[in-house]
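Asker: One structure, as C-alpha cells, below. Some questions next.
No value in this document is a laboratory result; all are computed from the given coordinates. Treat the numbers as computed from the prediction; the structure is a model and nothing was measured. Note that we place each Cβ from the backbone using ideal geometry, even for glycine, and neighbour counts take in every protein chain shown.
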Amino acid sequence: MVPTSLNRNIFTEGTIMKRILSLAALGAVVSTAAFLAGRASVEADESVTLVVRHKVASFAKWKPVFDGHEAFRKQSGWTSHEVLADVTDPNQVTIIGHIRSAAQAKEFGKAPSLKEAMQKGGVQGAPDVTLLRAVEEKKY
C-alpha cells in the first residue's frame, strides 16, 4: 500500500507549492500558476531542472531501485541527473534531474511507476520537489 502522501500528485500538493513559492522571489522557477494550469512560462522546448529531496529507509536499498527506473526517466525526457546524499545522513537523498521540458517533468510526476518505485525504494514521507529553469551557469 502506498502512503497517502504518495497517492497525491506531487506537483499540485502543498509541499511543492510551498517550496516553489519560497523560491519564486529568486526568479529561478517556472511561474507556479502557469505551470499548474499547464502553461509553463518556459519555452516548450526549453529544458528544466527538477530537484527532488526525500528521506529513504536505506540508501543501499533505494539506489538499485532508482537505477532500475532509468529507462523510464529517459523515456520521460530526462537527459541527465545527479544523486546527492547528505554528508551527515546518507539516507537523506537529493536528485537533480535535467529534463527536456516542463510538460515532461509534470507528466513524470504523475506516473504510476514513479509512485511504485518510490514505495519499493523505501522513500519515507512526501518528497520536497522543485522545478527550476536556468538563468545562469558559470564554471570555475
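Asker: Just name the residue that is surrounded by the most Cβ atoms within 10 Å (Cβ to Cβ) out of those in the stretch 56-92 that are charged (D, E, K, R) and more than 17 Å from E116 (Cβ to Cβ).
Answerer: Applying the filter and picking the extreme gives D86.
Asker: Determine which single condition E136 fails, assuming it passes every other condition in (1) surrounded by fewer than 17 Cβ atoms within 10 Å (Cβ to Cβ); (2) over 13 Å from the mean Cα position of the chain (by Cα); (3) part of a helix (DSSP H, G or I).
Answerer: Only one criterion is unmet by E136, namely (3).
Asker: How do the pairs read when you match residues in the stretch 94-122 that are farther than 14 Å from V52 by Cβ with residues anywhere that are exposed (fewer than 15 other Cβ atoms within 10 Å of the Cβ) and basic (K, R), using Cβ under 7 Å and keeping only pairs 6 or more apart or on different chains?
Answerer: Pairs found: G122/K61.
Asker: Scanning the stretch 70-93 for residues that are among the aliphatic types (A, V, I, L, M) and out of contact with any strand residue (DSSP E or B) (no Cβ under 7 Å at 6 or more places or on another chain), which turns out nearest to H54 (Cα to Cα)?
Answerer: So the residue we want is V87.
Asker: Those residues that are touching a strand residue (DSSP E or B) at 6+ places or on another chain (Cβ under 9 Å), among the charged types (D, E, K, R) and surrounded by fewer than 17 Cβ atoms within 10 Å (Cβ to Cβ), I need them from the stretch 94-111; list them, please.
Answerer: Once the filter is applied, which keeps residues that are touching a strand residue (DSSP E or B) at 6+ places or on another chain (Cβ under 9 Å), among the charged types (D, E, K, R) and surrounded by fewer than 17 Cβ atoms within 10 Å (Cβ to Cβ), the stretch 94-111 yields only R100.
Asker: With the requirement that a residue be over 10 Å from the mean Cα position of the chain (by Cα), under 13 Å from G77 (Cα atoms) and not aliphatic (A, V, I, L, M), what does the stretch 91-114 give you?
Answerer: Correct list: R100, S101, Q104, E107.
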